[in-house]
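This report concerns only the one structure given below.
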Number of protein chains: 2
Amino acid sequence: MKRLLVKLTPKAIGRKIKVCGWINSRRDHGKLIFINLRDRSGILQVVFRLADSNQQLATISQKLRPEWVVCIEGEVKERPKGAENPEVETGKIEIIAEKLEILAMVKKEMPLDLSKKELKMKLSTLLKERVLTLRHEKSRAIFRVFETVLGAYRKVMKKLDFVEIKTPKIIGTASEGGANFFTFDYFGKKAFLAQSPQFYKQIGVGMFERVFEIGPVFRKEPHFTTRHLNEYISLDAEMGFIENFNEIMDELEKVIKFILKSIWKENKKDLKLFSAEPPKIPKRIPRIKLREIRKIIKEKYQYEIPEDSDIDPKGEELAGKWAREKWKSDLVFLTHYPKSCRPFYTMPDKENPEETLSFDLLFKGVEIATGSQRIHKAEELIKNIKEFKLDPKDFKFYIDTFKYGMPPHGGWALGCERIVYKILNLPTIKEATLFPRDVKRLVP
Amino acid sequence: MKRLLVKLTPKAIGRKIKVCGWINSRRDHGKLIFINLRDRSGILQVVFRLADSNQQLATISQKLRPEWVVCIEGEVKERPKGAENPEVETGKIEIIAEKLEILAMVKKEMPLDLSKKELKMKLSTLLKERVLTLRHEKSRAIFRVFETVLGAYRKVMKKLDFVEIKTPKIIGTASEGGANFFTFDYFGKKAFLAQSPQFYKQIGVGMFERVFEIGPVFRKEPHFTTRHLNEYISLDAEMGFIENFNEIMDELEKVIKFILKSIWKENKKDLKLFSAEPPKIPKRIPRIKLREIRKIIKEKYQYEIPEDSDIDPKGEELAGKWAREKWKSDLVFLTHYPKSCRPFYTMPDKENPEETLSFDLLFKGVEIATGSQRIHKAEELIKNIKEFKLDPKDFKFYIDTFKYGMPPHGGWALGCERIVYKILNLPTIKEATLFPRDVKRLVP
């Protein structure tokens with residue numbers, strides 16, 4: 001008999017069917033065993049009536065334990081009045097088991113109960129037992145939202161006429177010139193793990209004008225925060241022939257709105273598990289200069305952002321608070337970051353060369369994207385590389401790109417995990433990645 | 001004035017418009033300068049009439065050179081009879097330049113002429129000058145096909161009810177137990193670059209039953225061939241609750257057919273540039289045991305595949321030839337590879353334990369995918385790890401996955417660049433990747 005997915009069983013009342021999945025939980029009630037069977041589509045109650053069963057079925061069914069993998073055949077029946085469970089979609093039916101096949105048993109003590117609504121575990125245990133905790137309903141919900149972000153990004157970027165590219169993650173030049181790169185030996189040469197597809201997506205502008213990439217980036221930063229990862233998925237974009245740097249934010253604005261809308265359309269059940277409220281988004285996402293928001297934060301909240309920082313996490317949090325109070329917006333662009341805080345390829349603002357044509361996008365007080373217009377003339381780029389005390393020789397092919405003619409352009413990098421983390425109000429971004437990499441975590 | 005994309009200009013006859021792009025070529029004809037302007041959407045002829053122009057326009061327009069980036073305003077006119085160019089979509093019109101803005105000039109001698117139909121360069125030069133050669137029409141065509149493969153894979157996988165996941169590329173365990181890993185220091189621990197998402201996609205089966213991933217993989221293999229890369233995009237999949245290993249090939253068959261169909265639908269112009277013929281695909285892709293094809297190759301083509309190899313490139317080529325002759329198919333599954341040639345997690349064939357439930361998919365005589373059913377019981381897995389002279393301790397979290405109950409499952413890895421390479425009959429797979437990584441190439 002062919003397997004039927006659990007979500008289709010309510011339409012099979014009276015029919016004999018076969019379902020396969022994991023034992024999510026087991027409950028005994030006299031001569032009855034109730035099993036909640038979990039497959040990729042839902043959860044279904046299976047009843048073993050020991051008194052009516054043949055000896056063999058009665059014997060094996062009593063052995064069943066959580067996470068055993070089974071196939072069960074039986075008839076779909078409506079549940080007796082009063083025994084319905086409105087919380088699951090199959091709550092009005094159950095199947096009466098007639099046949100049981102065990103595909104796999106559990107061979108290790110279960111360190112947790114996946115059938116509980118909340119796992120309530122310490123983060124370290126949650127991540128250590130990842131191969132199991134990921135099976136929990138709430139974990140799966142997180143990664144269904146994650147998938148929606150990936151799909152929505154692609155969809156909206158294609159709609160906006162961007163071409164998807166894939167650029168190398170093994171690179172020979174440190175793109176930001178910084179120290180936070182993982183390095184290794186590549187057939188006798190020193191290689192770096194790409195911290196961003198920056199150089200390559202800019203080259204892509206020369207091909208297609210508008211390009212985007214979805215891929216991993218790697219940061220050797222010894223963070224111990226709830227919002228950093230050493231490897232994450234960056235949603236990158238770069239666009240040519242811009243007339244001013246506001247156009248970059250205009251496009252990103254469409255993108256983030258589309259992503260959020262998609263999640264609220266496609267992940268209703270998942271959002272409910274986290275009691276996630278729809279974000280406040282005004283018609284136009286407010287844009288405010290960094291130096292202005294610093295002033296406001298000082299005046300309004302008596303908090304002074306340290307001098308040597310563009311904006312610190314506390315500052316971002318308060319900027320988010322201000323955006324909610326002033327503009328009723330969970331999203332806000334902070335613009336015109338100082339030159340000293342941005343990479344060498346960032347376009348300086350002609351009106352104030354100490355500032356750059358750059359921005360961060362904050363969502364609920366956390367940076368989820370960063371972007372800027374880039375320098376597109378080789379001679380200006382070389383000048384800036386030198387000002388940053390870097391050696392133009394290390395950036396030869398990158399500089400060549402601009403010697404061969406490049407239009408004004410800019411782009412952004414949007415953090416996939418950051419979006420999921422903030423939407424679901426997770427305690428840490430580490431829960432928004434399947435197998436987080438941080439200073440202490442390389443396994444699993 | 002707002003810029004109009006070149007592809008939209010044929011509908012603007014009689015209107016004044018603005019176009020922006022690169023100078024693809026320039027041709028002088030007495031007091032006329034003909035420019036082919038290239039933007040992301042096409043190529044358009046722009047005419048500078050020096051005799052009718054103001055002095056300034058006449059002076060600057062004479063300086064224009066290939067790859068300069070410009071915006072031009074002027075009126076769209078039908079070309080004089082006999083001056084049409086049927087080869088381009090805008091071949092019946094031209095614009096008469098009235099205004100010219102130079103966005104960027106070229107500041108380096110152009111090492112090649114992008115307006116030629118064929119670049120006809122040595123591979124080493126083509127790749128060295130990548131930031132420029134990628135702008136050529138044929139290069140762009142390759143990566144439009146590449147994009148279609150990415151998009152089609154995603155689309156068909158979603159249709160087949162797979163969930164997209166992203167797994168770490170920095171890992172702490174060598175997944176195949178082999179030596180071909182790039183290794184590096186990760187905050188004091190030894191880390192590897194993932195050679196495949198194997199372990200993680202299998203864990204994903206425990207979450208969603210069916211998962212897929214599109215991401216880079218890394219191989220420290222000192223190849224000098226036309227079909228290997230040290231970094232490439234792997235289209236991975238893993239599916240649970242299979243009843244037999246043929247189901248994996250059934251799904252992959254749908255996937256590859258959908259990808260090919262999509263390309264022949266969406267990339268007609270690109271395919272034409274390469275004179276690419278539609279592949280021969282029978283209703284069902286033939287499946288033949290490796291040991292049988294070895295026999296056939298020996299009998300039919302007098303070629304003996306070396307004893308210590310499962311199948312060598314020459315063997316694959318001849319297997320492809322056989323598939324075309326015998327089944328009129330450009331695709332063929334070779335199945336049941338010997339145990340010694342497959343990773344330790346591959347399910348042995350119960351009927352002949354020296355063979356495995358594994359397959360490769362050949363396309364025009366080149367392997368484009370590899371897959372198998374996996375061992376899903378912890379005790380069998382441990383036994384096999386030991387047989388492969390590996391230490392189960394190194395695979396603890398992976399083995400735990402199976403101790404917690406896993407259904408029969410299997411999957412594949414499909415090489416994105418391999419598909420593009422064979423579809424377009426490129427001389428080497430290196431042309432099917434933006435910035436190829438091989439033993440000698442780390443830059444650009």
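Every read-out reported here was derived from the displayed coordinates using simple, explicitly stated rules and does not represent laboratory data. Remember, predicted model here, so these are calculated numbers, not experimental data. Neighbour counts are summed over all protein chains in view; Cβ atoms, including those assigned to glycine, are modelled from backbone coordinates with ideal geometry.
Taking a ≥ b ≥ c as the square roots of the eigenvalues of the Cα gyration tensor of the range A:194-332, is the shape rounded (a/c under 1.5), prolate (a/b larger than b/c) or oblate? Cα axes put the range A:194-332 in the rounded bin. Relative to the longest principal axis of the Cα atoms of chain B, helix B:198-208 runs at roughly 90 degrees. What angle do you read, to the nearest 10 degrees and between 0 and 90, between the alpha-carbon axis of helix A:313-327 and the longest principal axis of chain A? The angle comes out at about 80 degrees.
For chain B, DSSP calls about 90 percent of its internal beta bridges antiparallel. For A:PRO313, the label point sits 7 Å beyond Cα toward Cβ; its separations from the matching points on the remaining copies run 5.2 nm, from shortest to longest. Counting Cβ atoms of other protein chains within 10 Å of each Cβ in B:401-412 and taking the mean gives 6.
Does the range B:120-236 come out rounded, prolate or oblate, given a ≥ b ≥ c as the square roots of the eigenvalues of its C-alpha gyration tensor, rounded meaning a/c under 1.5 and, failing that, prolate meaning a/b above b/c? Note, shape of the range B:120-236 comes out oblate.
In chain A, once you exclude exposed chymotrypsin sites (Phe, Trp or Tyr not before Pro) (DSSP loop, at most 16 other Cβ within 10 angstrom), what's the longest stretch remaining?
Excluding the exposed sites themselves, the longest stretch runs over A:1-186.
Mean per-residue shielding of peptide A:65-73 is 3, counting Cβ atoms of other chains within 10 Å of each Cβ.
What is the list of residues in the range B:116-133 whose amide nitrogen lies under 16 Å from a point 7 angstrom out from the Cα of B:SER275, following Cα to Cβ? Under 16 Å, as judged by backbone N against the label point of B:SER275, lie B:117-120 of the range B:116-133.
Beta-bridge orientation, the protein assembly as shown: approximately 90 percent antiparallel, per DSSP, counting only bridges with both partners inside.
Extension gain for the segment B:ASP312 to B:GLU379, taken as residue separation times 0.36 nm less the Cα-Cα distance, is 20.8 nm to one decimal.
Specify whether the C-alpha gyration tensor of chain B places it in the rounded, prolate or oblate class, a ≥ b ≥ c being the square roots of the eigenvalues: rounded for a/c under 1.5, otherwise prolate if a/b is larger than b/c and oblate if not. It is prolate, given that a/c is not under 1.5 and a/b is the larger ratio. The protein assembly as shown has equivalent-ellipsoid semi-axes of 50, 35, 26 Å, by the square roots of 5 times the alpha carbon gyration tensor eigenvalues, sorted largest first. Taking the DSSP beta bridges in the range A:6-104 as the whole, what percent of them are antiparallel, to the nearest 5? Just about 95 percent of them are antiparallel.
Using the Cβ-Cβ distance between A:LEU390 and B:GLU84 with R0 set to 35 Å, the FRET efficiency from 1/(1 + (r/R0)^6) comes to roughly 0.10. Let me know the whole percent of all Cα-Cα pairs from the range B:6-104 that are separated by more than 18 Å. Above the 18 Å cut-off, the range B:6-104 has 39 percent of its Cα pairs. Applying 0.36 nm per residue to the separation of B:LYS189 and B:TYR303 and subtracting their alpha-carbon distance, the gain on full extension is 36.3 nm. Shown here for the range A:4-71: trypsin sites (Lys or Arg not before Pro) in loop regions (DSSP other than H, G, I, E, B) with at most 13 other Cβ atoms within 10 Å, namely A:ARG15, A:LYS31.
Adding -39500 (n - 2.57) for every DSSP H run of four residues or longer, then dividing by how many residues chain B holds, sets the calculated 222 nm ellipticity at -9000 deg cm²/dmol. Loop-located trypsin sites (Lys or Arg not before Pro) across the range B:389-433 with a Cβ neighbour count of 15 or fewer within 10 Å are B:LYS389, with loop assigned by DSSP.
Over chain B, Cα pairs under 8 Å with separation of 6+ residues give a relative contact order of 13 percent. List the aspartates and glutamates whose Cα lies under 18 Å from the Cα of A:LYS190, skipping any in the same chain that are fewer than 8 positions away. Filter leaves A:GLU176, A:ASP391, A:ASP394, B:ASP185, B:GLU221, B:GLU231, B:ASP438. Using Cα centres only, tell me the gap between the range B:381-415 and the range A:245-296 in whole Å. The range B:381-415 and the range A:245-296 have Cα centres spaced 42 Å from each other.
When both the range B:94-166 and the range A:341-364 are represented by their alpha-carbon centers, they are found 29 Å apart. Alpha-carbon geometry of the range B:281-419: the Rg and the Dmax are 16.6, 50 Å, given in that order. Site pair A:ARG287 and B:LYS18 shows an inter-label distance of 1.7 nm when each label is modelled 7 Å from Cα along Cα→Cβ. Straight-line reach from A:LYS268: taking Cα to Cα under 18 Å and skipping same-chain neighbours fewer than 8 places apart, the lysines in range are A:LYS7, A:LYS117, A:LYS138, A:LYS257, A:LYS280, A:LYS422. Taking trypsin sites (Lys or Arg not before Pro) across the range B:81-128, the ones in a DSSP loop with at most 10 further Cβ atoms lying within 10 angstrom of their Cβ are B:LYS81, B:LYS117, B:LYS120, B:LYS122.
Extension gain, B:THR59-B:ASP161: 0.36 nm per intervening residue step, less the Cα-Cα distance, totals 30.5 nm. Couplings for the range B:185-194, taken from phi via the Karplus curve 6.51 cos²θ - 1.76 cosθ + 1.60 with θ = phi - 60°, read 8, 10, 6, x, 10, 7, 10, 10, 8, 4 Hz in order; Gly and Pro are left as x.
The residues neighbouring B:ARG324, those whose beta-carbon lies less than 14 Å from its own, together hold a net charge of +2 under the Lys/Arg +1, Asp/Glu -1 convention. Here the spin labels are modelled as points 7 Å beyond Cα on the Cα-Cβ line, and at B:THR226 and B:GLU75 they lie 5.3 nm apart.
Here the spin labels are modelled as points 7 Å beyond Cα on the Cα-Cβ line, and at B:LYS328 and B:ASP28 they lie 5.8 nm apart.
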